[in-house]
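As structure tokens, the structure follows; a few thoughts come after it.
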Amino acid sequence: MSAPAQPVAQKVPSSRTFHGDTVIDDYAWLADTKNDEVLDYLRAHNAFTEAATAGHEPLRAAIFGEIKAHTQETDMSVPQRRADHWYYARTVEGKQYGIHCRAPISGPDDWTPPVLSDEPLPGEQVLLDLNVEAEGHEYIAVGAASVSPDGTLLAFSLDTAGDERFTLRIKNIDTGELLPDEVGDVFYGATWALDGRHLFYTTVDEAWRADSIWRHEIGSAADDVKVFHEADQRFGVGVGLTRSEKYLMIAASSTLSSETWVLDAADPTGEFRLLRRREEDVEYSVEHAVLDGEDRFLFLHNRTGINFELASAPVDAPEAWTVLVPHRDDVRLEYVDAYARRLALGYRRGGLPRLALAAATAAPEFTEWDPGEELVNLGPAANPEWDAPRLRLAYESFVTPGTVLELDPETGEQTVLKRANVPGYDAALYTAERLWVTARDGAEVPVSVVRRKDVPDGPAPTLLYGYGSYEATLDPWFSVARLSLMDRGVAFVVAHVRGGGEMGRAWYDHGKQLEKRNTFTDFVDVAQNLVDTGRSVPQRLVAMGGSAGGLLVGAVANLAPELFSGIVADVPFVDPLTSILDPSLPLTVGEWDEWGNPLESAEVYRYMRDYSPYENVAAKPYPAILATTSLNDTRVLPTEPAKWVAKLLDHTTSGEQILLKTEMVAGHAGVSGRYAKWRETAFEYAWVLDRLGVAQ
């Protein structure tokens, strides 16, 4: 049987005109993913991609086996105490999904978690077994799993398509019975009021914007009550409890501004009150704390500086701010957590996350926590009990697996509760370092490099990864799958480009809207530096990015195709101008603060037109490209990579393969199930290794 031919997309010219500029789009018809012709086209690409990469199957099988061998398949998270139970999750060898469980504590003074075991804890109750819930479904994801304050009911929501629309159900934990209560098309999260009878949830509008908060009364036949609606399409909403569980809070936020509404959690049918009215370009978040015995709200805000300040105010006079930690140009405050006796402040300095702790006083003195490793990601772990005697912290790095420990604030004693077991892994074989690359405009771009110690400095086969949008940070993370690359001599490099938040708010500001090109040129400058310093060569350099990182590598493909032997673009946002011009699409209006509004501004329109990967595909020798997408993705519609690949195939002069792979039942995060995800990773990594010339 002959191998399938790569499908060639039909050209159906469609025009758009904005600001006097008319553009002909030959592939706009691919937007209709309910059309059989479009679906057949995507399936044909899948068949071609599978055939074109069939020779990678032995390598894919080897990588999958390595991931499996380095993973403790039957495992348990560190139990967290809440009220009279330990809560935890288990995985079982051979099963795709986790199992959410709880077991009773031995007594009120029992704060030491049970010894981790491969077996269920004594008295275990299964709250939610996703392996059972997934039966009959190709995909499953959890949007909420929240136990009522009295511990009798579980509110949980599931998505079985990948479109991030969940169905909310209520289960009696002791009997396993599902209550008649059922709410469809809800968004992430479910928050209980203290009475255990009322539940708050979020819904989205037609553009997939979280716009409304609802109150549901368990067992009631009355209609649910909409307690909050956000009319401004730039804003999304969410609801939750403060850590103290004393207040319910609704947060409405856009990219650049926010406001918070509060209600006593013991009065769920009362009226939420506004704490501080929204202001343009002012963001703030709120937490409840008890400082020297007084109820206060903590405000983390950027009203006095772009890197934020920490203030407190009386709960009845939220406008009366008292500064606790002032703004600094070199420190970006990111979050504050409050506990009965302690405060935890998260911030970043020098391109890395930091954590400091203080007693819960009116004038807290914060002391930075040192985990003993420099290139590290760290923060508070799950601490559901407001008045726990010890504080849980967590950290990981490029070479250190995830670690959970408990800190005794009174003595400073630290006890490691668990470090993820990675069978066959020896951390001493690997090294991570931080480099700095001078960009073309003089900016110093941080770069992380992780590799085996026995790999020469260069020229080494290199995978260069980036993101660079939304102030998101690529802080050090441990990856079992990455070992399959490094053990074959590959250096894994992260370019912390502008548009991310690694170097503070200014780093983000200089990589968005009319400065977005900095994101792309930073990445190119890092790649060029790797070549110029002899760390790699273009024939052994592959770029990778997903979502907005797919926009990054898509733009880089146009700017510097000669620097790479391959590019992996996962669910890539490669047709941004078309999407941001359409307010009816998911997320578009809220994205204008990130990209600018090309509908209103001719300058923004021209700027986006000049960098859009799809708009700027031209006759040039593109490297090999692997683009992946999911049919039910609501964040980056599958039409974007489909159109991009069609145009690339029509223009590339290199003869290198341009491949498209579509998951037909999945969403933005790809397939569900750990073994399925491992196989997808193995597929991509085998392709990467082939492009790097180390396919073995």
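The values are calculated or read from the model by the stated rules, or taken from the named source; none is laboratory data. Note that the structure is a prediction, hence the values are computed from the model and not measured. Ideal geometry is used to build each Cβ from the backbone, glycine not excepted, and the neighbour counts take in all protein chains shown. Ligands, DNA and RNA are excluded from the accessible area calculation, which covers all protein heavy atoms including side chains. Shrake-Rupley method; radii C 1.70, N 1.55, O 1.52, S 1.80 Å.
General observations
- Alpha-carbon centroids, region 71-129 and region 395-428: separation in whole Å: 19 Å
- Among PHE564, GLN513, VAL524 - extreme Cα towards positive end, dipole of region 505-617, charges at beta-carbon: PHE564
- Gain in span if fully extended, THR269 to ASP185, counting 0.36 nm per residue against the direct Cα distance: 27.9 nm
- Surface per residue (accessible, 1.4 Å probe) for region 134-202, Å²: 40 Å²
- Only Cα pairs under 8 Å and 6+ residues apart enter the sum, and on that basis the relative contact order of region 468-524 stands at 39 percent.
- For the chain, the longest principal axis of the C-alpha atoms and the axis of helix 517-532 are separated by about 70°.
- Rolling a 1.4 Å probe across the protein heavy atoms gives region 620-696 an accessible surface of 31 Å² per residue.
- Amide hydrogen neighbours beyond the local backbone of GLU279, cut-off 5 Å, H modeled: SER258
- Low-density loop cleavage sites - GluC sites (Glu not before Pro) in region 182-262, where at most 12 other Cβ are within 10 Å (DSSP): GLU206
- For the set LYS171/LYS226; LYS246/LYS512; LYS95/LYS512, the pairs lying more than 32 angstrom apart at their alpha carbons are LYS246/LYS512; LYS95/LYS512.
- Cα-based shape type of region 4-84, given that a ≥ b ≥ c are square roots of the gyration tensor eigenvalues and the cut on a/c is 1.5: oblate
- With both labels modelled 7 Å from their Cα along Cα-to-Cβ, the THR415 to ILE306 distance reads 4.5 nm.
- In a DSSP loop and with at most 13 other Cβ atoms within 10 Å, the GluC sites (Glu not before Pro) in region 304-392 are GLU319, GLU365, GLU374.
- Förster radius 22 Å - calculated FRET efficiency between ASP281 and ALA320 (Cβ-Cβ, nearest 0.05): 0.50
- Cα-centred dipole magnitude for region 219-317, charges only on beta-carbon of K, R (+1) and D, E (-1), debye, nearest 20: 140 debye
- The residues neighbouring VAL336, those whose beta-carbon lies less than 12 Å from its own, together hold a net charge of -1 under the Lys/Arg +1, Asp/Glu -1 convention.
- Other residues lying with their Cβ under 11 Å from the Cβ of ASP633 contribute a combined charge of -4, Lys and Arg counting +1, Asp and Glu -1.
- Given +1 at the Cβ of Lys and Arg, -1 at the Cβ of Asp and Glu and no other charges, the dipole of region 151-215 around its Cα centre is 220 debye to the nearest 20.
- Distance violations [Cα-Cα > 19 Å] among LYS620/LYS643; LYS11/LYS516; LYS68/LYS453; LYS516/LYS643; LYS418/LYS453: LYS11/LYS516; LYS68/LYS453; LYS516/LYS643; LYS418/LYS453
- With the simple spin-label model, which puts each label point 7 Å out from Cα in the Cβ direction, the LEU256 to SER106 separation comes to 5.8 nm.
- Simple rule: put +1 on each Lys or Arg Cβ and -1 on each Asp or Glu Cβ in the chain, find the dipole, and look at ALA207, ASN307, VAL237; the Cα lying farthest toward the positive end is ASN307.
- Anisotropy class of region 624-685 from Cα gyration tensor, a/c 1.5 cut: oblate
- ASP610-LEU39 FRET efficiency (beta carbon distance; Förster radius 22 Å; 0.05 resolution): 0.10
- The angle between the Cα long axis of helix 639-651 and the longest principal axis of the Cα atoms of the chain comes to about 20 degrees, rounded to the nearest 10.
- Cleavage-rule hits (trypsin sites (Lys or Arg not before Pro)) in region 32-116: DSSP loop, at most 11 neighbouring Cβ within 10 angstrom: LYS34
- Antiparallel bridges, percent of DSSP beta bridges restricted to the chain (to nearest 5): 85 percent
- At full extension, LEU178 and VAL12 could sit 54.7 nm farther apart than now, given 0.36 nm per residue minus the alpha carbon distance.
- The value of relative contact order for region 568-656, using C-alpha pairs under 8 Å at least six residues apart, is 39 percent.
- Think of region 246-328 as having a plus end and a minus end, set by charges on the Cβ of Lys, Arg, Asp and Glu; of PRO268, TRP321, SER253, SER253 sits farthest toward the positive end of this dipole.
- Structure-derived Kirkwood radius over Cα pairs in Å - corresponding label in (i) 27.9; (ii) 29.4; (iii) 26.9: (iii)
- Projected label distance in nm at ASP387 and ASP441, using a 7 Å step from Cα toward the beta-carbon: 5.4 nm
- Carbon-plus-sulfur accessible fraction, the chain (probe radius 1.4 Å, protein heavy atoms only): 49%.
- Global geometry of region 357-508, whether rounded, prolate or oblate, following the gyration tensor of its Cα atoms and the 1.5 cut on a/c: oblate
- Highest mean packing first, where packing is the average number of other Cβ atoms within 10 Å per residue, the peptides 295-301, 585-591 line up as 295-301, 585-591.
- Folded to 0 to 90 degrees: helix 36-52 orientation relative to the chain principal axis, Cα: 80 degrees
- Total charge dipole magnitude, the chain, about the Cα centre, Cβ charges on Lys, Arg, Asp, Glu only, Debye to nearest 20: 1680 debye
- A simple count of charges around HIS19, restricted to other residues whose Cβ falls under 12 Å of its Cβ and scoring Lys, Arg +1 and Asp, Glu -1, yields 0.
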